[in-house]
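Just so it is clear, none of the values below were taken in a lab; they were calculated from the coordinates. This one's a predicted model, so the numbers in the text were calculated from it and none came from an experiment. Every residue, glycine among them, receives a Cβ derived from its backbone with ideal geometry; neighbour counts consider all protein chains shown.
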Amino acid sequence: MKTVYVDNNATTAVDPAVVEAMLPFLKDLWGNPSSMHTFGGQVASHVELARERVASLLGAGTKEEIIFTSCGTESDNAAIRSALAANPARRKIVTTAVEHPAVLNLAKELSNHGVEVQLTGVDGKGRLDMDAFRKALDQNTAVASVMWANNETGVIFPIEEIASICEKANVPLHVDAVQAAGKIPIDLQSIPITYLAISGHKLGAPKGVGALYVRRGAGFTPLIMGGHQEAGRRGGTENVASIVGLGLACELAAGRIESERTDVAALRDRLESRILDTIPRSFVNGDPDNRLPNTTNISFESVEGEAILLMLNEFGICASSGSACTSGSLDPSHVMMAMGVPFTRAHGSIRFSLSRSNTAEEIDYILDKLPPIINRLRELSPVR
Amino acid sequence: MWNYSEKVVDHFLHPRNVGEIPDPDGIGEVGSLACGDMLRLTFKLGPDGKIADARFKTFGCASAIASSSALTEIIKGMTLEEAAAVTNRDIAKYLGGLPEEKMHCSVMGREALEAAIAWSRGERTEPYRLEGEVVCKCYGVTQKEIERVCAENNLTTLEEVTHYTKAGGGCGLCHDRIREIISGSAQKEQKPAGGDELTNVQRIHMIEDLLEKRIRPALRQDGGDIELVEVDRNVVTVKLKGACATCPSSSITMRQFIEKELTKSVAGDIRVEEARH
């Protein structure tokens, strides 16, 4: 059976070119970049090239502003904890109700240790309540943490405006750009962002590598103490092969970003509009005018998401859901709840996240298989 | 991804007895959209008083649909008395087991059945779960329901109660109350069950259950383990393993701990012996 993969916000395929670029560092060039001898030391230049490439995708001023980490979650943790440590007099975090658990659960943990956490809400389309956000920032706020794009709905927050609000309020801004990086342009030289997190496996690099941008001059305290790696900002011998992979993936993503906006968005729009046309009582979750080009989140009223996913799975179609049953918790996704999506729709929300590898044939295949699945589950349902 | 048994997948992809019987003799509806699952069960009695046909409609995940399908298959051909004795464990067992987090789907099946039976007997009252003190307000679960599910499934932790009934899965304000109920039902369970009424199979089942839930976890804390070798009426032969096997005080462990637990919960006259090897 063929696999139709439309779950790229969960993880992406490692680009074949990235695999090729990594292999030498697993086979022959396995030295330690910190070594004095040439065999090890020569590897360091490849790590630095990767750093330049990451900096370039993000529009960072210098490559020294990039720290390699193990994942997006580590980057988020390091940034938020650093901001708190840099300004110990301030004991408050302002963030949003729809952040990834990497930020929300950290905020919850910090709130158990005396840090005040203020969550800014969103409207029915997932748009941030900018007034509430502005008002939440005060002289006690150590950091504001806002995602660039939402992983479930793809909704893009107005980061430029948010950054300027934070700058005026004199509050450092951390941006979780895990979903945005590689899909939409990012230019850190023109936007006053203090910290920014990305993850390798969301943009064609392998799992287990991420990066954190720390603006020059911003406070930073290592999350992982150890050796002098990453200029003393992140202990632990570098994950060289994956860092090299992340570097190339960023370079490739930079060259393809335009096709995300055109080709990928066209496929997504085709999928979305046909679903809305052919399946009654289906609704898009999230602001259609401010979304990642690859993401659509659609609710099928009175149908449960896990059941849809497992039936899609029977046809090799890989998607994801914000239903309670898929998460192991009993409530539907916090993003759907924050948007006020009614229960009848929240349990039946399905996220399709495409990539440039998807084809029109694959989209038609989904459009062929999905309507009978929804029909069948509605026949099974006691709810009208 | 959930690790569903083949039987669950089969009953999910090919559910049996989908639909609604017009003019039914029994109808039971439990769950809600907010809770993420909902089941409507209808059945028709034959001239012999047995359930001639049973149908379901379910909104929910794969295991909710499979549990409903299994329920209808189980009760067809049963008298109301027989059907009333069906527990959520029977449903889970029929399906070759359910993931722990999904056990509430089997409980929903039993609740719908119970509501349908009550309806057919003319007790057309509110569903069972709404009787008495509502402990979990997020999911509308009562004390009575928690006690019953605890007793039927030998539950001992808050987490288990949440997996089986959803109680405590929302805001968390009821966690202390649920713990109280758990310790309350554990005390009730400790009364000897009257050994003479048990068949040997029932005895073995209860003993294995107790070993798994109460005794093994305790022994494992000390690096030990236990294996049930034989049950011969009131003589239970076990083999101690791991650290327990070489522990000089193991026979004391046996008498004082295992025997006490077994006599308390299974039958008052149980004697524990260690397998000779």
Bridge orientation stat for chain A from DSSP, antiparallel percent rounded to 5, came to 50 percent
Hz values of 3J(HN,Hα) by residue in segment B:28-38 - Karplus curve (6.51, -1.76, 1.60), Gly and Pro given as x: x, 10, 9, x, 7, 4, 4, 6, x, 8, 7
Taking K and R as +1 and D and E as -1, what net charge do the other residues with C-beta under 12 Å from the C-beta of A:N105 add up to? -2
Pairs beyond 26 Å (Cα-Cα), from B:K239/B:K264; A:K108/A:K183; A:K2/B:K57; A:K125/A:K183; A:K92/A:K183; A:K2/A:K125: A:K108/A:K183; A:K2/B:K57; A:K92/A:K183; A:K2/A:K125
Mean-square fluctuation check for chain A, GNM, Cα pairs under 10 Å: which of A:M36, A:M22, A:M225 is largest? A:M36
What does segment A:250-384 give for Rg and for Dmax, in Å, if only its C-alpha atoms count? 15.0, 51
Report, please, the projected area of segment A:172-216 averaged over directions, based on the convex hull of its C-alpha atoms, in nm². 3.2 nm²
Distance histogram in 20 Å bins (all Cα pairs of the protein assembly as shown, percent per bin): 16, 40, 33, 10, 0
Inverse mean reciprocal Cα-Cα distance (Kirkwood Rh) of segment B:6-126, Å: 13.8 Å
Indicate the helices, whole DSSP H runs only, in chain A that combine a mean Kyte-Doolittle hydropathy of 0.0 or more with a Cα extent along their long axis of 30 angstrom or more. A:38-58
According to the Cα gyration tensor, what semi-axes, each the square root of 5 times an eigenvalue, does the equivalent ellipsoid of segment A:1-153 have, listed from largest to smallest in whole Å? 36, 23, 13
Checking a compactness column here: for chain A, what do you get for Rg(Cα) / (2.2 N^0.38 Å), N being the number of residues? 1.01
Dipole magnitude of the protein assembly as shown about its Cα centre (Cβ charges: Lys, Arg +1; Asp, Glu -1), debye to nearest 20: 720 debye
Of all stretches in chain B that avoid GluC sites (Glu not before Pro) placed in a DSSP loop and having at most 13 other Cβ atoms within 10 Å, the longest is B:134-277
Select from A:G121, A:S56, A:I243 the residue farthest towards the positive end of the dipole of segment A:16-253; place +1 on Cβ of Lys and Arg, -1 on Cβ of Asp and Glu, and compute about the Cα centre. A:G121
For chain B the mean separation of alpha carbon contacts under 8 Å (6+ apart) over residue count, i.e. relative contact order in percent, is 13 percent
Using R₀ = 30 Å, calculate the FRET efficiency as 1/(1 + (r/R₀)^6) where r is the Cβ-Cβ separation of B:H175 and A:K135; round to 0.05. 0.35
Long-range amide H contacts for B:T79: which residues qualify at under 5 Å (H placed 1.01 Å from N, peptide plane, sequence gap of 5 or more or a different chain)? B:I51
Here the Kirkwood hydrodynamic radius of segment A:261-309, Cα-based and in Å, equals 11.6 Å
Name the residue, out of B:L173, B:L71, B:L155, whose mean-square fluctuation peaks in a Gaussian network model built on chain B with Cα pairs under 10 Å. B:L173
From the Cα centre of segment A:241-276 to that of segment A:27-66, the distance in Å is 25 Å
Less than 15 Å Cβ to Cβ from A:L312, Lys/Arg counted +1 and Asp/Glu -1: what total charge do the surrounding residues give? -3
Estimated FRET transfer efficiency (A:L26, A:R356; beta-carbon r; R0 30 Å; 0.05): 0.70
Give the relative contact order (percent, whole number) for segment A:16-253; include only Cα pairs under 8 Å separated by 6+ residues. 28 percent
For chain A, what is the mean residue ellipticity at 222 nm derived from helices alone (per DSSP H run of n ≥ 4: -39500 (n - 2.57); sum divided by total residues; nearest 500 deg cm²/dmol)? -12500 deg cm²/dmol
What fraction of the DSSP beta bridges in segment A:74-187 is antiparallel, stated in percent and rounded to the nearest 5? 10 percent
Sum -39500 (n - 2.57) across every DSSP H segment of at least 4 residues in chain B, then divide by the residue count to get the 222 nm mean residue ellipticity, nearest 500. -11500 deg cm²/dmol
